[in-house]
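A.B. asks: The structure's right below; bear with me while I get my questions together.
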Amino acid sequence: MVCEQQASLTQSLSWLHRGVSEIFPDRPDSDDPNENLVRRLETVDRPLRVKLGIDPTGTDIHLGHSIPVRKLRAFQDAGHTAVLIIGDFTARIGDPTGKSEVRRQLTQAQVEANAKTYLDQVRSILDFDTPGRLEIRYNSEWLSQLDLSQILELLGQMTVSQMLAKEGFAERQAQENPIFLHEFLYPLMQGYDSVAVRADVELGGTDQKFNIAVGRDLQRHFGQTPQFGLLMPILLGTDGTQKMSKSLNNYVGLTEDALTMYSKLEKIPDTSIPDYFELLTDLPLDELPENPRDLQKLLAVTIVSQFHGETEARQAQKDAQTLVGGQTAQARSVPEFSVSSVEFPAKVFYLLNASGLCKSSSEARRQIKGGAVRIDGDRVGDENLTFESPTDAQGKILQVGKKKFVRLVE
């Protein structure tokens, strides 16, 4: 009977462990709810307060960023309270984790603009509507109010040697790259967020363990029950080798159109597909198709459906097949680029740059020379090919490789 109860509990909490690299502290044999998160979930008589901090240091969120947000939604669905902290104060410093040099400090106006775009993007994942299921807090609410004596109290909780043990700091010191004193404040301020919102659980990537542990230490210092840390893996990008990053151009953005998302996801390397299914979908992992091509298609449709709906995802799938086959006239979901601001005559390499298909005109020229550029399915061989007027360009589909498409419109 006891074994049956344990099996039932394990099944009911499968959402908790899915895609999780580490829970700490983690003593699964302990009955102490302060050491065993499963025991805490069994015995708690109130919704847990589950914290996720997001520093709005940019404008776009990609699928890698969405992993802890999805876990936050899982806690919401289990009846707990998501505490989403917008780090409008900490973003002005920037998390030094993994950085080889100091981050450029942002202005308040930049942070506020970024925060708005972040919230717009996570609406597709989190439950914003059910009362009591979401708190959105800005950490300037408490961090901007700290006076010097309170800051000194925080600084007194850590030593320089502890800080230098943080990922990145030791490497920078060894390489004689400067470490600025305000960077030491970042883990303390993020940790103090946990004190301010009385967090029971904090979510983050595996690179956030140090910061989450600081939150536990500060909660203990201020007489609170220390939070649990729940860490999720860092997602590899579409190249299958490096972590997903916009700067590496191996990302899938949450705001990308359905066709672009589908075209990228359908080409995910086979080695990354299991992680993508586990971290980015809710599909039962033991019921997935065995054929690798079917896996890629299912993955792409499933993820695109989360952000654009199944109808658009299916249309994107059809259009991707159509475009790769060169039948551009039948494609319906191709994103459009208006040439109204373009001065004609306009060379194709310029339009590739202006439309965002290539980062620069020089890259566009390289892509043409490499045979990666097509117009309406036909390969472009002349890097000086020119559209004489907007009418000539109207309705043409520019294509770079198998993942990037845009329809030119007046």
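A.B. asks: Looking at the structure I just gave you, is GLY356 more than 30 Å from LEU126 (Cβ to Cβ), in a loop (DSSP other than H, G, I, E, B) and not hydroxyl-bearing (Ser, Thr, Tyr)?
C.D. replies: no
Residue-wise test of (1) open to solvent by less than 70 Å² (accessible area, probe 1.4 Å); (2) on the phi < 0 side of the Ramachandran plot; (3) in contact with a His (Cβ under 6 Å, 6 or more places away or on another chain).
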residue	(1), (2), (3)
SER362	yes, yes, no
ILE368	yes, yes, no
ALA372	yes, yes, no
GLY377	yes, no, no
ASP382	no, yes, no
PHE387	yes, yes, no
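A.B. asks: Something else about it: Counting only residues that are surrounded by 14 or more Cβ atoms within 10 Å (Cβ to Cβ), of a type outside the set (Val, Ile, Thr) and farther than 18 Å from SER140 by Cα, how many does segment 171-183 have?
C.D. replies: Summing the residues that are surrounded by 14 or more Cβ atoms within 10 Å (Cβ to Cβ), of a type outside the set (Val, Ile, Thr) and farther than 18 Å from SER140 by Cα in segment 171-183 gives 2.
A.B. asks: Quick one: in segment 143-170, which of the residues that are part of a loop (DSSP other than H, G, I, E, B) and farther than 21 Å from SER194 by Cα is most open to solvent (accessible area, probe 1.4 Å)?
C.D. replies: Filtering first and then ranking leaves ALA165.
A.B. asks: Are any of the residues in segment 363-375 farther than 22 Å from ASP257 by Cα, in contact (Cβ under 8 Å) with a residue 12 or more places away in the chain and either outside any helix (DSSP H, G or I) or over 32 Å from the mean Cα position of the chain (by Cα) (or both)?
C.D. replies: Looking through segment 363-375, at least one residue is farther than 22 Å from ASP257 by Cα, in contact (Cβ under 8 Å) with a residue 12 or more places away in the chain and either outside any helix (DSSP H, G or I) or over 32 Å from the mean Cα position of the chain (by Cα) (or both).
A.B. asks: Which number in (1) farther than 28 Å from CYS358 by Cβ; (2) touching a residue at least 24 places away in the same chain (Cβ under 8 Å) marks the one condition that ARG293 misses?
C.D. replies: Among (1) farther than 28 Å from CYS358 by Cβ; (2) touching a residue at least 24 places away in the same chain (Cβ under 8 Å), ARG293 violates only (2).
Here's the yes/no breakdown for (1) under 26 Å from LEU323 (Cα atoms); (2) in contact with a His (Cβ under 9 Å, 6 or more places away or on another chain); (3) surrounded by 18 or more Cβ atoms within 10 Å (Cβ to Cβ); (4) not acidic (Asp, Glu):
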site: LYS264; (1), (2), (3), (4): yes, no, yes, yes
site: LYS267; (1), (2), (3), (4): yes, no, no, yes
site: TYR276; (1), (2), (3), (4): yes, no, yes, yes
site: PRO284; (1), (2), (3), (4): no, no, no, yes
site: LEU288; (1), (2), (3), (4): no, no, no, yes
site: ARG293; (1), (2), (3), (4): yes, no, no, yes
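The values are calculated or read from the model by the stated rules, or taken from the named source; none is laboratory data. Quick caveat: nothing in here was measured; it's all calculated off a predicted structure. Note that we place each Cβ from the backbone using ideal geometry, even for glycine, and neighbour counts take in every protein chain shown. Areas reflect the complete protein model, heavy atoms only, side chains present, ligands, DNA and RNA absent. Shrake-Rupley method; radii C 1.70, N 1.55, O 1.52, S 1.80 Å.
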